[in-house]
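This is the structure I have questions about; it appears just below.
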Amino acid sequence: MRENATRVAVIVHNSVIKDARVLKEVKTLWESGLAVDVYGVKTDREVMAKKIEGCRSFTLIDLTSRCTKLGYQFHIYKIILRSVNAVNKFRNDLKKIVKGSSGVLFGLIAVLAGVFIGGSSDPGKFSLLVLMFLSLLLIAYAAWPLLFEKVGYVKRKAAFERVGGALFNAIKSEEYDYVHCHDLIALIPGLRYKKENPSVKLIWDAHELYDEVAYSSCMERVYIRELMRTASRKIDSFVTISDSFKEIYAQKFPRLPSASVVMNATMLNYDGSRKGGYSSDSCSENKIKKTLGLEGSQKVLLFQGGFSPGRGIEVLLEAASDLPPYWTIVFMGWGKLEDMISHVSSKLNQGREQGRSAVELLPPVSQDNLVAWTSGATLGVIPYENTSLNHLYCTPNKLWEYPNAGVPILATDLIEMGKMIRAWDIGTLLPRDFSASDVLSALENINEDDLARWRKNCERFSSEMSWSKFEPALLEAYQ
């Protein structure tokens, strides 16, 4: 049970089991002799795992079922969130009205001016009243967006505090030597725990550039930066995913400790025997083609992971309408755009012969089974859009997961991804601002010699850039 070992609380704001980076780090910490407890949050309706490899205990918090136990504060947050949604809906409706009815607005001003004229015998007084009215109108118009940006601030803070509060309640009665916080929300319980236990060492693991994500509003970013500035003075060790992220964080938050770079590499033994490792004969059965009933000669372009906006999924679906008959785009994962993918799949596949469908959808698979499924693809696609600084410098798990299964990559020429794919010659690149025609052109220009060369280089890349290369940097953060 490792009762006398150094105790570590690993805190994550998701359900953990799909987070490849967290799972790898937990296993490494456990193998180094640490006693690891993992805390996550149930984020969907599926039945989640009761246990994960490499930890003493795994606690998954279901916010919906525990709301009454977490106190009155949670009910306040729910009221705030509902109010914010209602106000935002009203704002959007009002913007539509104002946008299409400027004549009515000016007409209203004219009517009010007439009222002032009729009610005032003093022309000077009338002019002053009109000027005051127009000034107030202008101020209200200018302040309107700022007001609702403030609402965005409150909304983001309430959502973060709700999850953070639940995680803190789960760890507050336990004794730990280290608290390892993954992503941003986990910093909230980490900071609260350190305040009550000053001797604990706080480690922050930043997977993203959180104040540079595309979906945040101005005031939401203000809240995120405030949280990060506060936390930077309390963090004892800092871990992030690339040298670029390390440099950006150092410039923005100079009080952060110098980062240990732990890239999103895959686990691999050089003999290919370890789970998730590359082995040329370990995946003889093509699970994708067998499951979907695709022809043996059919080429598969695989997108695996989260179906979120900004990841190029809409462009892939647009390209699918003109896809050559020997290509099929397969989406394997989950997310907001799942219904859109399903709809396009049903529409496009009607005109294709059996075994040569244009678009297919598969559910996500566990990390243990991922390489066996991924290996059935011809190409793995990472078509992330240049929507933010966070995307521009991203190095997602897929950048290692595809080569680890012997699958070359088709990716957007973003800074870090482009640099790595060129350096190792493990695939081809789309323009930074790509379109559906760029995707089609790339697929048409790939030949068998290219694929053979890339596959060979994938094995070399996976061997030399495996997880074992970065494990020492992770453990260094604990020294």
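The values are calculated or read from the model by the stated rules, or taken from the named source; none is laboratory data. On a predicted model such as this, the values are computed, not experimentally measured, just so you know. Cβ coordinates were reconstructed from backbone atoms using ideal geometry, including for glycine residues, and neighbour counts include every protein chain displayed. Heads up: the accessible areas ignore ligands, DNA and RNA and are worked out on the full protein's heavy atoms, side chains in. Shrake-Rupley method; radii C 1.70, N 1.55, O 1.52, S 1.80 Å.
Could you run the Karplus curve 6.51 cos²θ - 1.76 cosθ + 1.60 with θ = phi - 60° over the range 368-382 and give me ³J(HN,Hα) per residue in whole Hz, x for Gly and Pro?
Result, rounded to whole Hz: 5, 9, 4, 5, 5, 7, 4, 4, x, 8, 7, 9, x, 10, 10.
Please sort 393-405, 455-467 by packing, taking for each peptide the average over its residues of neighbouring beta carbons within 10 angstrom, highest first.
Descending mean neighbour count gives 393-405, 455-467.
Just list whichever of LYS42/LYS157; LYS252/LYS336; LYS336/LYS419; LYS155/LYS398; LYS27/LYS201; LYS42/LYS289 have alpha carbons separated by over 25 Å in the model shown.
Pairs exceeding the cut-off: LYS252/LYS336; LYS336/LYS419; LYS155/LYS398; LYS42/LYS289.
Net charge around LEU184, counting only other residues with Cβ within less than 10 Å of its Cβ (Lys, Arg = +1; Asp, Glu = -1)?
-3
What are the ³J(HN,Hα) values, in whole Hz, obtained from phi via the Karplus relation 6.51 cos²θ - 1.76 cosθ + 1.60 with θ = phi - 60°, for each residue of the range 195-208 in sequence order, with x given for Gly and Pro?
After applying 6.51 cos²θ - 1.76 cosθ + 1.60, I find 4, 7, 9, x, 7, 5, 8, 9, 10, 10, 10, 9, 8, 9 Hz.
At 1.4 Å probe radius, can you tell me the per residue accessible area of the range 388-479 in Å²?
With the other protein chains kept in place, the range 388-479 gives 40 Å² per residue.
In whole Hz, with x marking every Gly and Pro, tabulate ³J(HN,Hα) for the range 454-470 from phi via Karplus 6.51 cos²θ - 1.76 cosθ + 1.60, θ = phi - 60°.
Those phi angles translate into 5, 4, 4, 5, 4, 5, 5, 4, 5, 6, 7, 10, 7, 4, 4, 5, 10 Hz.
Given a 1.4 angstrom probe, what's the average accessible area per residue across the range 167-243, in square angstrom? List each step's numbers first, then the result.
On the way: 3010 Å² over 77 residues.
Per-residue accessible area for the range 167-243 comes out at 39 Å².
May I pose another question? Sorted by average packing, counted as other Cβ atoms within 10 angstrom per residue and highest first, what order do 160-169, 358-367, 438-447 take?
Working: 160-169: 20.6, 358-367: 17.7, 438-447: 15.9.
For the peptides 160-169, 358-367, 438-447, the packing ranking is 160-169, 358-367, 438-447.
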